[in-house]
Amino acid sequence: MRNNGLRARHTEGRSPHTSRPIAPQRLKSIVCTCKTKQKWSAPVIVDESLPAPKVDYVARMRAAEQDAGTCPLLMLAPMESLGDRWFRQAVNETVGGFDEACTEFMRIPNHANHPIPAVKGIVATYHARELKNIPIGAQVMSSNPELLALATDMLITRREAPRVDLNCGCPANTVTGNGAGSSLLRTPEVLHECVKAMVQAAGGAAPVSVKMRSGYLDTSLFEENLLAAQEAGASFITIHPRTKLQTYDGRADWSLIARARQLLKIPVVGNGDVVSVAAARQLVKETGCGAVMVGRGAVTDPLLFHRIRASYEQPDLPWEWDEPEVVVSFLRTYAQPCLTPEGCSASSSATSNAPGEQHSNMSKAGFFGRMKKIMRYLFSSEPELWMACDKLLRAQPDTMSGGELVELLCSEVRKHWRSGGPSQLMLYNHMTKTVQLVRDKNAHSASPEASITAELPQPVVVH
């Protein structure tokens, strides 16, 4: 039974395992535009008459673990400032293919004079029906067990989250300096307290999971952190086998995922460097994971989930996707929340009401920065697209409309995108703005010789 001192004050008169009742046979849509000082979120259309999507995570993972021919559970990774609501909705609406997604982290404060309203406002940005019938996990970040417990309870009882995930992986200094993210890996006892508080707050109504790196400066506490999360009651753990110090450099050490699989009784989700079908299948083969989480690989190749699934379920059937048009559709859908209802246009008008211009919720420079960031990933898949980056990064918001920029990107995709998957595999590090070119697209190696590092052309700053 849950026993959180803060909980009784905001759930009185409510069932601990249900959210606010929904009137039967009534279609109610809510349009929410979430604005904060840091970022602007795409509008969310929520159909409250639909049941919140769920998935039996553990059962799905166990089934894939026991049968090598079963497609693993495919999960879209949380990626702060990249795999956000814009990206999740665009991929889901135009391509799909994943079984579950997870939000980028919600920052739960480490200290709050008025914890209930503070946490309530933060979790209100989460929408369980954001992707309609695709479950979306809710990721939180903090090092305060009591406030994490409060957030977990609200996310499950009020927001109907299918799971709540603790972020132990973010390498940003602005996060680790406050004791959250990957800094939790320096103190397994604090990690244990946080997970335990979240599990108790969940009360069995939904699983609590952990997404972690292999360590902070090194991997010396890797096994201790794994056992701390398991003993605290985590249902499964996702491992990105790089340290905080590495950020996104080097190669993900999949042998650490295999070690976790041998050590733990709970399922493990494999993550890191999944940029192709061959990589996904090799990860499963080397580690025995029943689930694969894909991050940057899904930005570089939006069709990657379908490619992976087809390799398990329909390996002999012809591939019938019109890939350039699918990618064009993805780009336009990704851009649409910030453009006027007329959508992408070749108009060069500078007025705010012109077709192809941005809504007032985001500056034109901000929109250009977002589109250029997604382009850096997407265009790394082909040499011709990569060469086009230099010209497109020079595009300035005072010389063209947002719609014109989108059409330039779409034009390059139509010219150079090749069906069958990327012809070159590159790992882009948005923190250092460098790339690693993987020489062998059919193999994975943790050794430095498996990749080369190159500077990405940067004629303009991407915000």
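The values are calculated or read from the model by the stated rules, or taken from the named source; none is laboratory data. Bear in mind that the values here come from a model prediction, so they are computed numbers and not experimental data. Note: ideal-geometry Cβ built from the backbone for every residue, glycine included; neighbour counts use all protein chains shown. The area values use the complete protein model at the heavy-atom level, side chains included, leaving out ligands, DNA and RNA. Shrake-Rupley method; radii C 1.70, N 1.55, O 1.52, S 1.80 Å.
Summary of computed values
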item: Test set (1) in contact with a Leu (Cβ under 6 Å, 6 or more places away or on another chain); (2) part of a loop (DSSP other than H, G, I, E, B); (3) within 30 Å of R281 (Cβ to Cβ) - F379 fails condition number; result: (2)
item: The range 374-399 residues that are open to solvent by 50 Å² or more (accessible area, probe 1.4 Å), paired with ones that are part of a loop (DSSP other than H, G, I, E, B) (beta carbon under 8 Å, 6 or more apart); result: P383/S423; P383/Q424; D390/P457; D390/P459; R394/P459; R394/V460; Q396/V460
item: Criterion violated by L227 - all others in (1) within 25 Å of D153 (Cα to Cα); (2) among the aliphatic types (A, V, I, L, M); (3) assigned to a loop (DSSP other than H, G, I, E, B) satisfied; result: (3)
item: Residue, nearest to A205 (Cα to Cα), within the range 231-242, restricted to residues that are part of a strand (DSSP E or B) and open to solvent by less than 10 Å² (accessible area, probe 1.4 Å); result: F236
item: Matching residues in the range 158-177 - criterion: being over 27 Å from E48 (Cβ atoms) and part of a loop (DSSP other than H, G, I, E, B); result: G169, C170, P171, A172, G177
item: Elements of type helices (runs of 4 or more DSSP H) contained in the range 243-317, each with 2 or more residues being open to solvent by 50 Å² or more (accessible area, probe 1.4 Å); result: 254-263, 277-287
item: Qualifying position, being in contact with a Cys (Cβ under 6 Å, 6 or more places away or on another chain), assigned to a helix (DSSP H, G or I) and either of a type in the set (D, E) or closer than 23 Å to V55 by Cβ (or both), among L148, L155; result: L148
item: Residues satisfying the stated conditions in the range 401-422, i.e. open to solvent by 30 Å² or more (accessible area, probe 1.4 Å) and in contact with a Gly (Cβ under 9 Å, 6 or more places away or on another chain); result: E404, E407
item: Number of positions in the range 41-53 that are open to solvent by 20 Å² or more (accessible area, probe 1.4 Å) and either modelled with pLDDT of 95 or more or farther than 27 Å from G272 by Cα (or both); result: 7
item: The range 249-271: number of residues that are modelled with pLDDT of 95 or more and among the small types (G, A, S); result: 4
item: Members of the range 98-137 found to be among the aliphatic types (A, V, I, L, M) and closer than 18 Å to N271 by Cβ, listed by number; result: A101, I136
item: Residue match in the range 419-427 (condition: polar (S, T, N, Q) and in a helix (DSSP H, G or I)); result: no
item: Residue check, S182 among the hydroxyl-bearing types (S, T, Y), open to solvent by less than 30 Å² (accessible area, probe 1.4 Å) and assigned to a helix (DSSP H, G or I); result: yes
